[in-house]
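A short write-up of the structure that comes next.
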Amino acid sequence: MPATAESYARTAYLETHTRGMSPQQVLLQLYDIAIAGCVARDMRRASAALVELIAALDFSYEEIARGLYRLYEYALREVKAERYETPINILRELRDTWEQAFAAMPG
């Protein structure tokens, strides 16, 4: 399958798969994709997920968003340099933190 067809198929799958998910579940899924990409040393997959994480930042919470932006940008640079260990650690820590925060939310 050509890269463009594969890309469209993956996008369609993710749109269908995430349609019923909460924003929190989608965020955790992006972390999972980024981590899996790093573990597999798949620069394209890890980079794409990191770009989506950056795009999802809400800068109305400026301090938090800026800090996350810096971490994501650093992880993205490392992935593009094919250095995966530090991004894996950063992404796992952030994912675990978000998961705990979501679990503590009421309702």
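Starting from residues that are open to solvent by less than 50 Å² (accessible area, probe 1.4 Å) and within 30 Å of residue 105 (Cα to Cα), keep the ones in the stretch 1-28 and report whichever is modelled with the lowest pLDDT.
Among those that are open to solvent by less than 50 Å² (accessible area, probe 1.4 Å) and within 30 Å of residue 105 (Cα to Cα), it is 18.
Take the residues of the stretch 66-104 that are open to solvent by 80 Å² or more (accessible area, probe 1.4 Å), under 16 Å from residue 55 (Cβ atoms) and among the charged types (D, E, K, R): which is nearest to the chain's Cα centre (by Cα)?
Here the residue is 70.
Are there any pairs, at least 6 apart or on different chains, whose C-beta atoms fall under 7 Å, with the first in the stretch 35-62 and under 17 Å from residue 24 (Cβ atoms) and the second open to solvent by 70 Å² or more (accessible area, probe 1.4 Å) and basic (Lys, Arg), and if so, which?
Final answer for the pair search is 35/92.
The values are calculated or read from the model by the stated rules, or taken from the named source; none is laboratory data. On a predicted model such as this, the values are computed, not experimentally measured, just so you know. No Cβ is skipped: glycine too gets one built from the backbone with ideal geometry, and neighbour counts run over all protein chains shown. Note: accessible area is taken over every heavy atom of the protein model, side chains too, but ligands, DNA and RNA are not part of it. Shrake-Rupley method; radii C 1.70, N 1.55, O 1.52, S 1.80 Å.
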